[in-house]
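Colleague: Take this structure first; my questions come after.
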Amino acid sequence: GVALQGHEDAVLAARFSLDGNFVLTASRDRTAKAWRTDSGDEVQHYREGHTYLATRAVFYPNGKSLLTAGMDGTLRTWDVETGAERFAIVGAGHTAAVAISPDAKHILGGLAAQDAPGEDATRDNVPRAAIWSAADGKLIFQLAHHKTDITAAAFSADAAHAYTGDTNGRGNLWNVATGEH
């Protein structure tokens with residue numbers, strides 16, 4: 001085996017690139033790192049941006065970009081080779097649930113609920129998830145029908161459907177083209 005050492009705190013998530021040549025890790029030290037699987041060498045350190053735990057890290061299908069999600073309510077896309085941040089999505093849910101569609105067109109994740117003062121935060125139809133463009137981070141759809149925060153996000157293999165799950169154990173299927181439940 002190969003040892004990968006270099007985070008200053010607990011590693012919270014890990015994903016392999018599709019070609020298996022790299023593993024991406026996200027850590028409590030607010031960083032993500034890419035490592036070579038053959039040697040264990042760190043090839044890139046993604047350190048700017050997150051102000052609190054970087055809890056998820058996912059490669060885009062092409063392997064040239066990656067997405068990190070933090071407990072600070074941000075999603076950040078990075079250039080794998082240079083380590084430069086491409087764009088940030090602010091206002092994502094604090095659970096950092098996130099997925100990239102297999103066709104690399106969409107990002108699915110939690111959305112920080114924007115309740116009006118005095119409104120019940122556990123009511124239906126509060127947008128708790130969203131679909132953004134994976135190219136530039138622009139919001140496409142806000143997705144309601146959850147009463148609590150999103151803790152899971154996934155796309156179908158054909159990228160036509162998305163799934164979100166919440167802290168109450170409720171799941172919803174979404175049409176990615178229309179945003180309909």
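The values are calculated or read from the model by the stated rules, or taken from the named source; none is laboratory data. Every value quoted in this text rests on a predicted model; they were computed, and no experiment measured them. Cβ: placed from backbone, ideal geometry, glycine included. Neighbour counts: every protein chain shown. Just so you know, the surface numbers come from the protein's heavy atoms only, side chains and all, with ligands and any DNA or RNA stripped out. Shrake-Rupley method; radii C 1.70, N 1.55, O 1.52, S 1.80 Å.
Colleague: So the check is Cβ under 9 Å with 6+ separation or different chains; which pairs have a first residue in the stretch 24-45 that's under 18 Å from VAL58 (Cβ atoms) and in a loop (DSSP other than H, G, I, E, B) and a second one that's of a type in the set (Phe, Trp, Tyr) and at pLDDT below 85?
Modeller: Sorted first by the residue in the stretch 24-45, then by its partner, the pairs are ARG30/TYR52; THR31/TYR46.
Colleague: Hey, another quick one. Which condition breaks for ALA14 when tested against (1) small (Gly, Ala, Ser); (2) at pLDDT 90 or above; (3) not in a loop (DSSP other than H, G, I, E, B)?
Modeller: (2)
Colleague: Write out, first by first residue and then by second, each pair whose Cβ atoms fall under 8 Å of each other, whose residues are 6+ apart or on separate chains, and whose first residue, in the stretch 81-104, is at negative phi while the second is of a type in the set (Lys, Arg).
Modeller: GLU81/LYS64; GLU85/ARG76; PHE87/ARG76; ALA88/ARG76; ILE89/ARG76; GLY93/ARG128; ALA97/ARG56; VAL98/ARG56
Colleague: Of all residues being modelled with pLDDT of 90 or more and not hydrophobic (A, V, I, L, M, F, W, C) in the stretch 146-165, which is surrounded by the fewest Cβ atoms within 10 Å (Cβ to Cβ)? Just the residue, please.
Modeller: ASP158
Colleague: ASP72 fails exactly one of the following numbered conditions: (1) under 22 Å from ASP136 (Cβ atoms); (2) open to solvent by 10 Å² or more (accessible area, probe 1.4 Å); (3) at pLDDT 85 or above. What is the number of that condition?
Modeller: If we test ASP72 against (1) under 22 Å from ASP136 (Cβ atoms); (2) open to solvent by 10 Å² or more (accessible area, probe 1.4 Å); (3) at pLDDT 85 or above, just (3) comes out false.
Colleague: If you take the residues of the stretch 96-112 that are open to solvent by 30 Å² or more (accessible area, probe 1.4 Å) and either modelled with pLDDT under 95 or in a strand (DSSP E or B) (or both), which of them is nearest to PRO61 (Cα to Cα)?
Modeller: In this case the residue turns out to be HIS106.
Colleague: With TRP132, TRP78 as the choices, which residue is at pLDDT below 90, under 24 Å from ALA34 (Cβ atoms) and assigned to a strand (DSSP E or B)?
Modeller: TRP78 is the lone residue from the list that is at pLDDT below 90, under 24 Å from ALA34 (Cβ atoms) and assigned to a strand (DSSP E or B).
Colleague: Conditions: (1) crowded, with 20+ Cβ neighbours inside 10 Å; (2) at pLDDT below 90. ILE89 meets all but one. Number of the miss?
Modeller: The number of the failed condition is (2).
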